[in-house]
Structures are given as structure tokens and as C-alpha cells.
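Shown next, in C-alpha cells, is the structure this report addresses.
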Amino acid sequence: MEIASKYDSYGVEDKWYDYWMKQGFFHSVPDEREPYCIVIPPPNVTGVLHMGHMLNNTIQDILVRRARMLGKNACWVPGTDHASIATEAKVVAKLREQGIDKASLTRDEFLEHAWEWKTKHGGIILDQLKKLGASCDWERTCFTMDDGLYDSVIDVFIDLYNKGLIYRGIRMVNWDPKALTAVSDEEVNYKEVNSKLYYVRYKVEGTQDEWITIATTRPETILGDTAICVHPEDERYSHLRGKRILVPLLNRSVPMIFDEYVDREFGTGALKVTPAHDINDYNLGLKYKLEVIDTFNPNGTMSEAARLFVGEDRFVVRRKITEELKNNGHIVKIEEYTNKVGYSERTDEVIEPRISVQWFMKMKELSKPALDMVEDDTILFHPAKYKNMYRHWMANVTDWCISRQLWWGQRIPAFYLPNGEFIVAKSKEEALAIARSKTEYRDAEITLDDLKQDEDVLDTWFSSWLWPISVFDGIRNPGNPDINYYYPTNDLITAPEIIFFWVARMIMAGWEYRKAIPFKNVYFTGIVRDKQGRKMSKSLGNSPEPLDLIRQNGADAVRVGMLLCSPAGNDLLYDDALIEQGRNFCNKLWNAMRLVKGWPVDDSLAQPEVNKVSVDWFNSAFNASLLNINALYDDYRLSEALMAAYKLVWDDFCSWFLEMIKPAYQQPIDRPTFEAVTGYFEKLLKVLHPFMPFITEEIWHILAERGSTESIMLSLQPVPDGYDQSLIDKFVFAEDVIMAVRNVRKEKNIPQKESIRLFIRKNNNEEPDTTFDTLVGKLCNISELGYVAEKVDGSVSFIVGSTEFFIPLTGTIDIAEELKKLEEELTYTTGFLGKVMQKLGNESFVNHAPAAVVDVERKKQEDAASRIRVLEEQIRGLKVQQQ
RNA sequence: GGGAGCAUAGCUCAGCCGGUUCAGAGCAUCUGCCUUACAAGCAGAGGGUCACAGGUUCGAAUCCUGUUGCUCCCA
């Protein structure tokens, strides 16, 4: 049967994926084997696969497949995240397209739409992962809003609340006065706008004509001022220490405060402090215990608290109050000014910072053990440099705002009583029971209807931080067999930008709820960028469509291409050439298979000497390389492990080994060599399988008859055996000889088909090594290989190490050219020797450097000297001939 | 503004406790080859003051200091 000379992944990949699924090879249940577990970083449920996912999930699949082939019980738990902000925004947008305003819907109606959206678009991304070859245990697929996971989140909230770790607090949020909702930081677009900087003078209390001038871009907030702040070292204002200032128009008396926060260079160096309407002012307010006066209504009009302009819009008021201030002699000057203003992504309305009541989680206590476990390498980061970042954040951790003004998510289980008190409980019924037993409503007639559940949902990360536990139902059933077996998981593959949002918090949750780390290693992937180094994004349109890439090149090629250039923590600059390299490698493998499959085997044939040494050498080369690959895996240097395997296959196996043992055209191969070759081929396929699962399965099945339920993915990785370093070294010498002969052929235009003779001059110092003579003979098409004591006249010569080789030639030899080459070589070697001698002549070096280093230099000296002797002798000989 | 990291061949990177893996790998480039597995290939070749300036040392890509340039995270 003719096998195509180009590997075509089309059909092959689906065939094997279906096969693996049908056989249930990805499914894992606890047994007596050592577990190996990865939980997927759950992608957004309605997201689609992008290049970053491809890289991240390729790495996970490599680790999982390898663990499986190391005999471990490997389990990769897939799933998706409800991604409350992103998903709710998508649903809102979709409803808007249909002419439905979210505000016109009840919570339940909206959620119905959301679930409908989730059902329609959810899980697409997981199907895409299948195309990549991901060996996830699909029977364990989880979603953060599945009942069990939802309940786990609620249980944890209640538990932490009862432990006093969750509290209600005040926080500045980005308020959209048009949508009447808080929006997340991610939903605020900052734009540069031309505005004005108003210099306004405030009277110092108790003086007739003493003033302090401040600069502000927002005069309408003056009505909410509760202090004036200057830098403590600013001498212009030092005389105001202890004084009070009168807010213009209201004549409210506010304190002077002194804080280093103030930028002395900006404006007049004096700052009005409005804690209700600016985050920095709010922080100052906290520090100096200032009054907070919220002068705005939720819709952006002035509130009663403003006392003036009540009910008028903030921008109208800006104009009016400026006039008013002018009339009263408070405006000093007005400058043109450019600043950044936040706009709501949804409504394009100017965002108003607004004080609001939110739910918080205390972090200090939980962060301590989480920091320690990374510091002392109980959990390892790859690369380790991210420990610094982690340490810095954990040391400066602030409380976590866990409430979000959204509907899509886990609703906060707090129930408010008519008196404003609240009860945290699993359900309204439970809350009612508690109310009846513990509160002032003990004896009152209150019903379920009197309780109102908190409108907010929890931050998405408040469910993802439990992910490694909740996917095994370890919150609700802490003793169940799955959690006991799979937890702690082994490796987490994620991006450094969510080290705090997610990684750190999983470590905290793990300690809080399991008294154990959630994972042993964290592997940080980089960002996939385009050739210009720009982050790939939909809006830039600079990202290739992952599924197209897979269709066109095969998943194996894409996996190899992406991984080859992405060491842990480094960004990957995507280039189509990478995928091409992967594809070429697939083809190389494919053709190696074609070659080996095409050899007739003759059982009566004895194994020729050349094949025997070749097999011996490859055995050593393979084992040395395998050892190296395993070490690289242990260090999580997957890119390098792949590169080592790539070179082992391409260079050592294909370019050398197969050429070494390749029978002459249409000649059979002996049985022992054939068995050895196919044996190593299989081992190589196994080494490659984690990187390129499909083609290795395909070739593995072509290479030999396999049972109907067999798979390379269930086979065991080859175990490194001993290797003979001296054999490898000797081969390197033989390689040099072979390459030198090839060069001679090239220079002298001698075709490979034409056989030549090769003579080796015996070195006086040592016995020549003849191990690879037959090999040199075969690969260089040598008709006679002999050892001589003297140089051979009428031949081209070359030197490897300090051994001379001669190839007798019938044609004339260009002596002048040979001389030139030799003399160049001599100059170089003499220079080299000079440097070595200089070093050895330096007494300090000889005295201070370790003996081994000095010995190395002495050896260099010897080698160079003997090489020089040989060169000089050759030059002398040629010169004689020349005359 | 606070913190962290990076700078080595055209590109992407590796180079540990300073010394034979010391200037490397892959890709790209150039030159030959359609040699019966593979032109998605084979055989070769060229290419780097290791950002800059100091210092420590017998010895620095490697350690220290400063300068410059870039990136990321937090505010």
C-alpha cells in the first residue's frame, strides 16, 4: 500500500479523539495508583477559544498526558466560569438589541434570559478544546453556577461571616448616574478631555481678609467639602496650622489638614477635600476622620445635603456655581486644562465616584499562611520570579470587596429585617427562624415577606477561589472519596496577571477549608502577542482563529509550534512560522515511519557490524537525551523538553541513526536491527505523545498491529537506561570525520556515488579508535579505509582533533589553496595557544584557580601544541611538493 | 506615585554556585543539491564588544554600583 509522502491530519485527529472518548480513556476514578490532578482555569462560560487558551490548555494536556504515561491516575477536571460581569454585560447587550431594557425586567425574568444565553453559548469553548486534543475528564465537567458549586459558595460565605471574616463596609464605587448602577473598574473608559481648572479662594475662619486658594476641576463638589489639605512641609501654608476654613457660599467651617499626599506642584498646592466624591479624598477622610457629605442623588442631581441647587444636574450646577462664586469674589482665575475623565462603557455617561455599602472580606488573617506556603516553597512558582510579586501583594493585602451590583451570580445570602438589621443564612426560611429566635422580632408576627434578600451577587472570584475544592464537592462533603484522593492537586497552569485575583485566593481557601495547599506547582504562561508584540485581541483583529489553524495544520502542529517558543512566564510572539515548524516536524515523523515501514526484513541476515555499533550508539544517545528531557520536565521547562525531543528525533534518529542503518536501495534489513529501530521508534513516539497526541497515536498504530482497545496514551513512558558517554564522545569524533569528508567531496566536486579511499595517520600518542570505522566507511562511501604511519602523497588531507586524514585523489590538488587553509588554521591555533600560555604563565591564576581548572588549561595547551605540530608538518610537506 | 522584571546572533530564547557545553539552540538568511523516506527535504556556511559606564576578582555574559531603554503589576 502506498502511503502519502505528506502527513495529513485531516480525519486522523477526529478519529482518535472519538476513539479515546469511546474507550473512556480520559475518565478517572480514585484507585490505588498515585493521583495526578489538574483543575482547568475555568474559561468564561460563553467565551470562545483564543490563542491564550490554546497555549494554556496545551500545557495542561502535556502535563496530564505525561503523568498518565508515568503510571499515575491522571485527572484533568474541565469546567467553565459564570463570569458575572462579562456574561451579564453580554446578556444586557443582547436584550438591548431586542429592545428590552434590563431595568424593565424583574430579577427572575432577567436570570431566565441569562440562563437561556448560557445554555445557547455555554460550553462551546469546551468543545473547541476537544479539537486541540485536550484529555479532560469530561464526565467531571463543572460550572461555577451548578447547584453544588453554587451552594458551596453560599456555605462558605455564611461560614466566613460567622467567623467574623466577612463584614459590611463603605467603599467608593464607579457609579453610572444614567444606568443607576455601579460599574466595575473594567467597564470604565478613561478619555482625555479639555476641561478647566478653577482657582477658588476660601476664607480663613476668624479673619477679615485672609484667604487660601485651591485648584479644582469640579467646583460643583465644593458643597461637599469637609477639609482643606496641604503638604506638611509646604511653607506657604505653615501659618495655617490649626486654623479652620470657610467653605464658600455655605460658610461651613472645615479643618485645615496636612498630608504628604498633596502634590505641592499642582495648582496652588492646596487641595479641597470632598470625601464623598473622590476616592483619594475619601481615603484622606478616613485617615483624618472627616465628615462625609454626599451632595449628589443617584441620578447625578444635587441632593438635599448640598443645600444649594438641590435637584439640578451636576453639570448645570458646575456652570451656575462658577457664576455664583465669581459674583461673590471667590474665583481667582480659570485655566484651560486637560485631564482624564472616566466614562461608562455602557452608557457613555461620566462616571461619578460614589460611596456605597458593600460586603468585604478580611484578608490579613488568611493571607499569612498563604504567603508562608509560597515563601517556603511548599508551593512552587515557575518561574520563581513571580514569588516577588506575590510577596509584595500579600504583604500589602487589603480587604476584598466581594459584592457586585449584578444579578448573574451567587446572590448574597443576607436577609434584611424591617428594622434594617440583617441575618446571614442559607435560605429565607432559615433567616426567618433565626429572626424569630434572636432578634427584637422574637415575639412579633413576621413572615417570609418581611424579609428582603440582599440584591447583590458575589464577585466571580468568590466562586473561583474555591474551584479546586468545589469541583470535588469538598466544601459540602469534606470527607468524600474524590476530594480525599485528588486534593491537593498537582499543577496549576495560569497567567501571571491573575496571581492575586485567583492564585493567592485559592491558596487561602485551600488552607481555610482543607488545611492543605490547593496545588503543588503553579506554572505561569505568558501572553500570546502578535509579531509586533501587541496583545492579541478581538478589537485589534490581530489574532488568528485557533480552530482554523487546527483545521489547516493539525492540532499537533499548532501545539508544537506554540510551545516551542514559550518558556514559562515569557510572552509568546505568535508567528505563522511557528506552526509551520510544527507541521514540518509532523511530516518528518511521518516520513520516518514511511521509511521504516518500507523495509523488507530478512530473518536469515546476520546483523552487520555497522548496524550493531549504530544501535549501540543510538541506545546511548537516546538514554542520555531521555534523562535530559525528564530533568527538563522536572524543572517545568516544557519548551526545552520539547526542543530536546525534537532534536532527538530529527537529528539523532532521522538524520543519523536511520541513515546509519538504512539498507541499500531495495535491500532487506536484518531482523535484530529492524527490531531495534522499531523499538526506539515506539519509544520516541511515547516521548512525543504528550506534545503531539494525534500523530503519535496514528503512527503507533501503523507501526505494529495493535488491539482494538489499545492506545499509546495508556502506554508507559520509556524509563531511562544507562548510557555510555565514551561511546557518545567517540561518535562525535566520527561525526566530525564524516562531516570533513563531506566537505572534501563538496569542495572537490566528488559525487557521493563515487567511492573514495580514506587513510588515517596513526597518532604516536594513542591507539586509534576504530569503533565507528565501518560507519564512516558506509556513510562516506569509502572503498578502502586504512591506517598509515606516514602522510599520503597526492591526497587531500584534513585534521580532526590532532589526527590526520588523507583522501588520495586522482586529479591535481591545488597546493596553494591547501596551504592557505592550513596557514589560516595555524595562525588561529597559535593565537589560541598563546592565550592559554599567557594564562598558565600568570602565577596568580595558577595559585588561585582550582586545580581542575588549571588542568583543563594544561590539556588545552597540549592539544593545541600537538595540533600545531601536525599543521606545521603538513605545511612543510606541501611546500616541498610545491617546489 | 509605589513595586517587580528584562536587555545575549535578523527573530524567539538558553546560559545554575564567576573558570571546556562559553559565547550556544531553534527559526530566519546565504551557498550547493529534485541523492529512491521526507524540497514541509538533504549537505554545508556566515552571523553577537553578551545595552552602556565603572567596580570587585588571577579570571565577569554571569557578582556589585550607576546610566539608558523596554515591559508588567498595583494606585
Residues (touching a Leu at 6+ places or on another chain (Cβ under 7 Å) and of a type in the set (A, V, I, L, M)) located in segment A:258-276: A:VAL262, A:VAL273
Unique match (being closer than 24 Å to A:VAL188 by Cα and within 22 Å of the chain's Cα centre (by Cα)) among A:ALA134, A:ALA86, A:ALA103: A:ALA86
Among what's in segment A:619-670 and is among the aromatic types (Phe, Trp, Tyr) and farther than 12 Å from A:LEU684 by Cα, pick the residue that is surrounded by the fewest Cβ atoms within 10 Å (Cβ to Cβ). A:TYR665
Residues being more than 13 Å from A:SER802 (Cβ to Cβ), surrounded by fewer than 15 Cβ atoms within 10 Å (Cβ to Cβ) and charged (D, E, K, R) - total across segment A:852-883: 4
Which of the residues spanning segment A:599-618 are surrounded by fewer than 19 Cβ atoms within 10 Å (Cβ to Cβ) and closer than 26 Å to A:PHE691 by Cα? none
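Could you list, in sequence order, the residues of segment A:577-604 that are more than 10 Å from RNA strand B (Cβ to nearest atom) and out of contact with any helix residue (DSSP H, G or I) (no Cβ under 7 Å at 6 or more places or on another chain)?
The answer is A:PRO600, A:ASP602, A:SER604.
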Using beta carbons and a limit of 6 Å, which pairs, at least six apart or on different chains, have the first residue in segment A:8-19 and under 21 Å from A:LYS588 (Cα atoms) and the second one more than 13 Å from RNA strand B (Cβ to nearest atom) and not small (Gly, Ala, Ser)? A:VAL12/A:PHE694; A:VAL12/A:GLU698; A:GLU13/A:PHE694; A:TRP16/A:PHE694; A:TRP16/A:GLU697
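Let's see how each residue does on (1) within 14 Å of RNA strand B (Cβ to nearest atom); (2) within 21 Å of A:LEU632 (Cβ to Cβ); (3) surrounded by fewer than 18 Cβ atoms within 10 Å (Cβ to Cβ):
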{"residue": "A:ASN542", "(1), (2), (3)": "no, no, yes"}
{"residue": "A:GLU545", "(1), (2), (3)": "no, no, yes"}
{"residue": "A:LEU549", "(1), (2), (3)": "yes, no, no"}
{"residue": "A:ASN553", "(1), (2), (3)": "yes, no, no"}
{"residue": "A:ALA557", "(1), (2), (3)": "yes, no, no"}
{"residue": "A:VAL560", "(1), (2), (3)": "yes, yes, no"}
{"residue": "A:LEU563", "(1), (2), (3)": "yes, yes, no"}
{"residue": "A:ASP571", "(1), (2), (3)": "yes, yes, yes"}
{"residue": "A:TYR574", "(1), (2), (3)": "yes, no, no"}
Leading residue by the ranking (nearest to RNA strand B (Cβ to nearest atom)) among those in segment A:483-499 that are closer than 22 Å to A:MET145 by Cα and in contact with a Gly (Cβ under 8 Å, 6 or more places away or on another chain): A:TYR487
Would you list the strands (runs of 3 or more DSSP E) that sit entirely within segment A:380-476 and hold 1 or more residues that are of a type outside the set (D, E, K, R) and closer than 30 Å to A:TYR633 by Cβ? A:380-382
List the residue pairs whose Cβ atoms are under 6 Å apart, where the first residue sits in segment A:376-391 and is more than 19 Å from A:TRP511 (Cβ to Cβ), the second is away from RNA strand B (no atom under 12 Å from the Cβ) and not basic (Lys, Arg), and the two are 6 or more positions apart or on different chains. A:HIS382/A:TYR523
Only one of (1) buried (at least 19 other Cβ atoms within 10 Å of the Cβ); (2) within 16 Å of RNA strand B (Cβ to nearest atom); (3) closer than 30 Å to A:ASP571 by Cα fails for A:ILE402. Which number is that? (3)
May I ask you to list pairs of residues, at least six apart or on different chains, whose Cβ atoms are under 6 Å apart, with the first in segment A:592-606 being under 16 Å from A:MET660 (Cα atoms) and the second being aliphatic (A, V, I, L, M) and assigned to a strand (DSSP E or B)? A:TRP599/A:ILE669
Need a quick list: strands (runs of 3 or more DSSP E) entirely within segment A:114-218 having at least 2 residues that are touching a residue at least 12 places away in the same chain (Cβ under 8 Å) and within 30 Å of A:LYS333 (Cα to Cα). A:188-204, A:211-216
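Being touching a residue at least 24 places away in the same chain (Cβ under 8 Å), within 12 Å of RNA strand B (Cβ to nearest atom) and either part of a helix (DSSP H, G or I) or of a type outside the set (Phe, Trp, Tyr) (or both) narrows it down to one residue among A:ILE728, A:ILE738; which is it?
That would be A:ILE738, the only listed residue that is touching a residue at least 24 places away in the same chain (Cβ under 8 Å), within 12 Å of RNA strand B (Cβ to nearest atom) and either part of a helix (DSSP H, G or I) or of a type outside the set (Phe, Trp, Tyr) (or both).
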Scan segment A:769-797 residue by residue and report those that are part of a strand (DSSP E or B), free of Cβ contacts under 8 Å to residues at least 40 places away in the same chain and in contact with a helix residue (DSSP H, G or I) (Cβ under 6 Å, 6 or more places away or on another chain). A:LEU785
Whether any residue in segment A:841-851 is away from RNA strand B (no atom under 16 Å from the Cβ), surrounded by 11 or more Cβ atoms within 10 Å (Cβ to Cβ) and over 30 Å from A:ASP616 (Cα atoms) is what I want to check. no
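From the list A:LEU250, A:LEU271, A:LEU286, pick out the single residue that is at pLDDT 85 or above and either surrounded by fewer than 19 Cβ atoms within 10 Å (Cβ to Cβ) or farther than 26 Å from A:VAL317 by Cβ (or both).
A:LEU250
The values are calculated or read from the model by the stated rules, or taken from the named source; none is laboratory data. Quick caveat, the model's predicted, so the values are computed rather than measured. Please note: Cβ atoms are built from the backbone with ideal geometry, for glycine as well, and neighbour counts cover all protein chains shown.
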